[in-house]
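Have a look at the structure below before the remarks.
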Amino acid sequence: MAREPPVVVWKPGDDPAGSLRAAAGAAGRADLAVVMPGVEPSGDWIALLAAAARCDTSIATASAMLSRGPFAPAPLDAEHLDDDATSVARRSARLRPRIASPLAGCVLVRRSAIDAAGMSDEPASPAAELADFAERCTALGLGHVLADDVLAAGEPAAPTGDEARALDARYPHRAAARALDARPESPIEHAVLVASRGLDKLSVTIDARSLGPARAGTQVHAIELVAALGRTGRVSLRAVTPPDLDDEVRAAFEQIEDLTLLPYERAANEPQAPTDIVHRPSQVFTPSDLALLLPLGHRIVVTHQDLIAYRIPSYHGSVEDWERYRRVTRDTLGGADHVVFFSEHARADALADALVDPATASVVPIGVDHRVAGGDREARRPPGLDGDQPFLLCLGADLRHKNHPFARALLAALANEGWDGRLVFAGPAGGAAAEAGGSPQGAGAVVLGPVGEDEKAWLLRNAAAVVYPTLYEGFGLIPFEAAAAQTPCLFAGSTALGDVLPASAVTLVPWDAAASARAVAPLLHDGAERAAHVGLLRHAADRYRWDDTAAKLVDLYDRVLVAAPRELRRAPRERLLVEERLEASERARALDWQRHLAFREEVGSDGLGLVGPGGVLAPADQRALLALLSRPALRRPATALARAAYALASKLQRRG
């Protein structure tokens, strides 16, 4: 095996009369390291550049990353560039992406490439000579790489304006090649992102637009996620917030160090610097959701809670709405850099429909030890619930898959067993997805509708048990909320509940009301069985802590950033963006039509005959008439003359 040639360093600033051609000749059989004026490499830069240049026999040059200009890692500390260079060398994945042309700053030129391509003998600056040499190499199939483990202080030199124009004329593809280097999510961008990871904390944007006045599982997750990520101290956070951000949430977020709130209006209408990661902690429902997020982060992570809306057509207003939602879901999961699920069941469900790649889909359970959305609250009895009769609590929206009819059947079966209680439904209506007939008052049922957090706390603490006969869940928070209030929860081990809760805590027999009533009756009274059941749930809760969730997610964010972006995800993203533009166009047309109708109503049919489409007045005539009538001194005689002319014309027409 032939020995690699030595390296000779040439600094044009120390040799103002010299040229690249002359320096290459003077170097003999050595490789040539070119260090431009104002550029200061550090560390073992020669060995690292040589290793990058020799990573493939078809490589002609290897360029160091520079602290200013294209491909500069960020953020850099001007006073500690040597330390930053050491960090870059340590963190780099040594991806060595191809670049169109070497950066004229700190470049190693291989002797074999000089021999193969030769150099121009036309007088030019070293930067122009290097650019011309690079094109000669490209024409031969010899390439150029970025040494993503070498950082030098300074910025690249550039050919003069005349030199650049001459190069572009000689090599017409130069501009197109540079544009390819600068495109988002290119291998170059990825290599620089990875090398930058050691320079500062990971930056993360969380889509927290769900945090309005309403409070349900989606909102609890978003609140606690932001708070837990803030507690890690490992990330710099930004949260996109809604116009009606809940006051309690805002106050909690203001206590989080290194958290910036980004109002939705600014995110939607003003360019924002992208963070390393943007995370949507819930399903994407519309193309515009994703269109907003893509510019906010270099990599996008989506949490997909479950596929219930994907599976059930009747949860949508029309077949078209359902098909649209399925299309958006497929393209979102296909276009995300990584998809997070709360449970193994939810992940397996998505894999079964080939919606995700197993390599980019992970399970990260949420926490149940809520600190912001939970904690000790002053409990308040909700109005509409009178008396001291014991009750079962059915908590949450009356969606069909929540299986409220079984709760009513269970109440009837318990009555047959001698239990004298009632059933309380607390939660919002499910709209089109609600149970047929809702959760009716009567037959031992009380329907409270939506309740506040203080009222929810009272219900959980005072219920004989929480009944949770759900048929499909992505995780299932309610059993843990019940246990935290020392209240049993009656559930079957369906879908994700079988993953996150112990089988020994399952109490309902699917979906046999009589058998279930016999199984749960001992839990409705104080005693050993009730205490043991609550203990099982509370012990299970110890496995789901928000601090653990946040730590796992930060590790996952780091892996997502380091992993190479997948070209396959580009097509589904582009489909979503096209659909978003089409929907925006439809909205604009609808608005134009509304304005047109308002205009018709305002000017009437006679006015439209003058100024509407096909009207008798051309635009120039309309402007002239407006100028005439806008002058008070001329308006009255002009309109009087027009009316007189119209009356005369009408009279003559009748006589004719």
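The packing ranking of peptides 530-539, 491-500, 149-158, highest mean first, is 149-158, 491-500, 530-539, where packing means the average number of other beta carbon atoms within 10 angstrom of each residue. Proximity of backbone amide H atoms, modeled 1.01 Å from N, is registered between residue 9 and 33 at under 5 Å, excluding neighbours fewer than 5 places apart on the same chain. Based on C-alpha pairs under 8 angstrom that are at least 6 apart in sequence, segment 391-544 has a relative contact order of 23 percent. When DSSP beta bridges are restricted to pairs lying wholly in segment 7-196, around 50% turn out antiparallel. When the chain is described by a simple charge dipole with +1 on each Lys and Arg Cβ and -1 on each Asp and Glu Cβ, the residue from 282, 549, 166 located farthest towards its positive end is 166. Averaging the sequence gap over all C-alpha pairs within less than 8 Å and six or more residues apart, then dividing by the number of residues, gives segment 95-168 a relative contact order of 48 percent.
Derived scalar couplings between HN and Hα for segment 357-363 equal 8, x, 6, 10, 9, 10, 9 Hz in order, rounded to whole Hz, by the Karplus curve 6.51 cos²θ - 1.76 cosθ + 1.60 (θ = phi - 60°), x for Gly and Pro. Only bridges with both residues in the chain count here: give the DSSP antiparallel percent, nearest 5. Here the share of antiparallel DSSP bridges comes out near 20 percent. Pairs of Cα atoms nearer than 8 Å and 6+ residues apart set the relative contact order; for the chain it is 10 percent.
Legend: ranking of residues 14, 289 from fewest to most surrounding C-beta atoms inside 10 Å; resulting order 14, 289. Taking label positions 7 Å along the Cα-Cβ direction at both residue 74 and residue 636, the computed distance is 6.7 nm, reported to one decimal. The gain in end-to-end length when the residue 82 to residue 273 segment is fully stretched comes to 66.1 nm, 0.36 nm per residue minus the alpha carbon separation. In this structure the amide hydrogen of residue 157, modeled in the peptide plane, comes within under 5 Å of the amide hydrogens of 104, 105, none closer than 5 places in sequence on its chain. Per residue of the chain, the DSSP helices (runs of n ≥ 4 H) give a summed -39500 (n - 2.57) that works out to -14000 deg cm²/dmol at 222 nm.
Each Lys or Arg adds one and each Asp or Glu subtracts one; over the other residues with Cβ under 15 Å from the Cβ of residue 179, this totals 0.
For the pair segment 225-239 / segment 127-196, the C-alpha centres are spaced 37 Å from each other.
The numbers here are math on the coordinates, done by the rules we state, and not lab data. Note that the structure is a prediction, hence the values are computed from the model and not measured. Backbone-built Cβ (ideal geometry, glycine too); neighbour counts: all protein chains shown.
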